[in-house]
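K.L.:
Input: one structure, supplied below.
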Amino acid sequence: MNLHKISSFFQVLILVAAAMFMAPSVLASGSGEGHGDDHAEKAEFQAGEYIIHHIADSHSIHLFGDHAEGIPEVSIPLPVILWTDNGLKMFMSSAFHHDDQGIERVDIGDGQYVVNYHDKILYANAEADAHGSYAPIDHDTHPVIGAQPFDLSITKSVFGMLMIMLIMILVFRSVGKAYTKRAGQAPTGLQNALEPLILFIRDEVAIPSLGAKKADRFLPFLLTVFFFIWMCNLLGLVPFLGGFNITGTLGVTLVLAAFVFIITTINGNKHYWGHILWPPGVPLPIKFILIPIEFVGILLKPTVLMIRLTANISAGHIDILAFVSLVVIFGQTSTGLGFGVGVGAVAFMVFMFFLELLVAFLQAYVFTLLAALYFGDATQEAHH
Amino acid sequence: MDALLSPSLGTMVWASIAFIIVLIILRRAAWGPILKGLKEREESIAESLNEAEKARQDIADLKSDNEKLLQEARVERDNILKEARELKDSMIADAKNQAKEEAEKMVNSAREAIETEKAAALADLKEHVAMLSLEIAEKVVRQSLSSDDSQKALVDKLLQETDLN
């Protein structure tokens, strides 16, 4: 028993250490979780599972409580939108009654039922299995069986993303109006607060990477991406809001990276493609090695953008949750120890929050800067 | 784990649509006016600075112009004063010369007048001498009648009395 707790403690330590090195943290926490599963008792706190559950996307915004532990759960339901064999179906996620084990079936009409299995919406089996679950999965290997509905739900990340976009439109529209209404005058209020950031992106990111002439063409995209990522990162740091992890959701960062890839590819000039298709200044055999590398490179660049952002933001959340887990793990041994560790953990969490505030800005800046550099690369004129 | 590492297609669909819409709206309603406003403001500030620099240059030019003008005026004044002084000197010299000439002229005419008066006086004197001689001769003639010696004495006496000058 005690041994297991110590092992859990080490899992969390590994998690923290891994999260410090950002990108590998996701993998480390996963392997730790699998290891703990075999030995730990059912009721025991599973740090890995807990953390992954909190940073993964979800069909509701979980505020507090835990349905599985029998603690009344309070969460904001979100619309579940499914493209099924029988067309578009929509219902609120509250219909699952906080269940994510495939036990609660939801009737979507036409004799079809769906279940929520680990935040995947799947067609329900006709019969429940030994655990009372209707989820169409193979319990030994966990793969999903058969065709599944296309999930177009407004998930937590989508909801957060839409919220941020709405805020962006409201904020920047009013700032934009201020520039037309008070043209040539000193900025005030919101305009004054955001102008340094806009100027920072223009003068420190866009113009050095693209040159003053071409910067104008790409600035709307760069500014939108920067403020979107930054504000999403900040939303993820607001406590008691369900722990949004928008920029730690691969679906979102993949789209952002895809936009960078598309814009780079569309704007690539003769010089850019020339370097990829027929690298100049190298012997012929080298060319045949370089061409595939260059092709991998054009896909690798946006992929790296995506992974860096996702991993960094997820890692920050993992760090903070790991400290929370520490308190719980020690609290299970003895309440006094839990409180004792809690003091240290809270101090570290405060430190992490400040660090994450910096990372929130830094990652938005890095993404924007690299996107600008790729655009600059693609539109660079031959000069040698 | 799975939920973390596999991107959800639904999320991607929403993200793409929402991002494109936001990009279009912000481009029109926000970034356009903001970037334009910033550029215009920067240009107007740069222009104002240039104008201020130009105005400063103008003032500096004006100042140096004034300085030059002042310098010229000073030189002019000095010239005028010098000319005036020269004029004064020459006028005084002229006046002196004139006065000298006038004085010489007056002295000359006075001398001429004196010469004339002298000649006239001499002529008068000659006439007087002649008259006196005649009178003496008359008196001598009258005394000769008494004695020779007395006659002679008389002539001497008369001659002595008569001062020829």
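K.L.:
Would you mind listing how long region B:49-165 runs along its three principal axes, going by Cα atoms, in whole Å with the largest first?
P.N.:
Here the Cα extents, ordered largest to smallest, are 140, 17, 8 Å.
K.L.:
For peptide A:325-331, what's the mean number of Cβ atoms from other chains within 10 Å of each residue's Cβ?
P.N.:
On the way: counts 0, 0, 0, 0, 0, 0, 0.
Average neighbour count from other chains, rounded to a whole number: 0.
K.L.:
For chain A, give the magnitude of the charge dipole about the Cα centre (Cβ charges: +1 Lys/Arg, -1 Asp/Glu; no others), in debye to the nearest 20.
P.N.:
On the way: 18 positive and 31 negative charges, 452 e Å.
Computed charge dipole of chain A: roughly 2180 debye.
K.L.:
How big, on average over all directions, is the shadow cast by the Cα convex hull of region B:66-106, in nm²?
P.N.:
Numbers: hull surface 8.8 nm².
Here the figure is 2.2 nm², rounded to one decimal.
K.L.:
Share of the protein assembly as shown's accessible area from carbon and sulfur, percent, 1.4 Å?
P.N.:
Numbers: 20360 of 31430 Å².
About 65 percent, which is the carbon plus sulfur part of the accessible surface.
K.L.:
Averaged over all directions, how much area does the convex hull of the C-alpha atoms of region A:263-311 cover when projected, in nm²? Write out the running numbers ahead of the final one.
P.N.:
Values: hull surface 15.8 nm².
Across all orientations, region A:263-311 yields a mean hull projection of 3.9 nm².
K.L.:
Using a/c under 1.5 as the rounded threshold, could you call region A:312-384 rounded, prolate or oblate? The axes a ≥ b ≥ c are square roots of the C-alpha gyration tensor eigenvalues, and prolate needs a/b larger than b/c, oblate otherwise. List each step's numbers first, then the result.
P.N.:
Numbers: a/c = 7.35, a/b = 4.47, b/c = 1.65.
In terms of gyration-tensor shape, prolate.
K.L.:
Something else about it: In chain A, which longest range has no trypsin sites (Lys or Arg not before Pro) that are both DSSP loop (not H, G, I, E or B) and surrounded by at most 15 other Cβ atoms within 10 Å? Don't skip to the answer; put the middle values down first.
P.N.:
Values: sites that count: A:42, A:182.
Answer from the scan: A:183-384.
K.L.:
Give the lysines reachable from residue B:68 as a straight Cα distance under 26 Å; neighbours fewer than 8 places away on the same chain don't count.
P.N.:
Hits, sequence-local ones excluded: B:54, B:82.
K.L.:
To continue, here is another question. Through the Karplus equation 6.51 cos²θ - 1.76 cosθ + 1.60, θ set to phi - 60°, convert the phi angles of region A:146-162 into ³J(HN,Hα) values in whole Hz; use x for Gly and Pro.
P.N.:
x, 5, 10, x, 7, 8, 10, 5, 7, 7, 4, 5, 5, 4, x, 4, 5
K.L.:
Once a ≥ b ≥ c are taken as the square roots of the eigenvalues of the Cα gyration tensor of region A:185-314, is the result rounded (a/c under 1.5), prolate (a/b larger than b/c) or oblate (a/b not larger than b/c)?
P.N.:
Details: a/c = 3.57, a/b = 1.54, b/c = 2.32.
Oblate shape, in that a/c is at least 1.5 and b/c is the bigger or equal ratio.
K.L.:
Hey, another quick one. Counting only the heavy atoms of the protein chains, how much of residue A:155 is accessible to a 1.4 Å probe, in Å² to the nearest 10?
P.N.:
The value for residue A:155 is about 10 Å².
K.L.:
Just to confirm the number: angle between the C-alpha axis of helix B:32-143 and the first principal axis of chain B, 0 to 90 degrees, nearest 10?
P.N.:
The angle comes out near 0 degrees.
K.L.:
Run through all the Cα pairs of region A:66-146 and give the fraction in each 5 Å bin from 0, expressed as whole percent.
P.N.:
Calculated P(r), rounded to whole percents: 3, 15, 25, 25, 17, 11, 3, 0.
K.L.:
Would you kindly calculate the translational diffusion coefficient of chain A, applying Stokes-Einstein with the Kirkwood radius from alpha carbon pairs, for 25 °C and a viscosity of 0.890 mPa s, and quote it in µm² s⁻¹ without decimals? All intermediate terms of the calculation are to be shown ahead of the outcome.
P.N.:
Values: Rh = 23.8 Å.
Value of D from the Cα-based Kirkwood radius: 103 µm²/s.
K.L.:
Summing both sides, how much accessible area is buried between B and A? Use a 1.4 Å probe and give Å² to the nearest 100.
P.N.:
Numbers: alone 15040 and 20230 Å², together 31430 Å².
It comes to approximately 3800 Å² buried between B and A.
K.L.:
Could you tell me which chymotrypsin sites (Phe, Trp or Tyr not before Pro) in region A:181-259 are loop residues by DSSP with no more than 16 other beta carbons within 10 angstrom of their beta carbon?
P.N.:
On the way: sites: A:200, A:218, A:221, A:226, A:227, A:228, A:230, A:240, A:244, A:259; in loops: A:240, A:244.
Answer by residue number: A:240.
K.L.:
If the viscosity is 1.567 mPa s and the temperature 4 °C, what translational diffusion coefficient in µm²/s does Stokes-Einstein give for region B:1-93 when Rh comes from Kirkwood over Cα pairs? Display every interim value, and only then the final one.
P.N.:
Details: Rh = 21.1 Å.
Diffusion coefficient, whole number: 61 µm²/s.
K.L.:
A further question on this structure: So what is the relative contact order for region A:92-221, in percent, with contacts set as C-alpha pairs under 8 Å and at least six apart?
P.N.:
On the way: 106 pairs, mean separation 15.0, N = 130.
Relative contact order of region A:92-221: 12 percent.
K.L.:
While we're here: Taking the Cα centre of region A:285-384 as origin, work out the dipole magnitude from +1 charges on Lys and Arg Cβ and -1 charges on Asp and Glu Cβ, in debye rounded to 20. Intermediate results must be reported in sequence, preceding the final value.
P.N.:
Numbers: 3 positive and 5 negative charges, 28 e Å.
For this selection, approximately 140 debye.
The values are calculated or read from the model by the stated rules, or taken from the named source; none is laboratory data. As the structure is a prediction and not an experimental result, all values here were calculated from the model. Here Cβ is always computed from backbone atoms with ideal geometry, including for glycine, and neighbour counts include all displayed protein chains. What goes into the accessible areas is simple: the full protein's heavy atoms, side chains included, and nothing from ligands, DNA or RNA. Shrake-Rupley method; radii C 1.70, N 1.55, O 1.52, S 1.80 Å.
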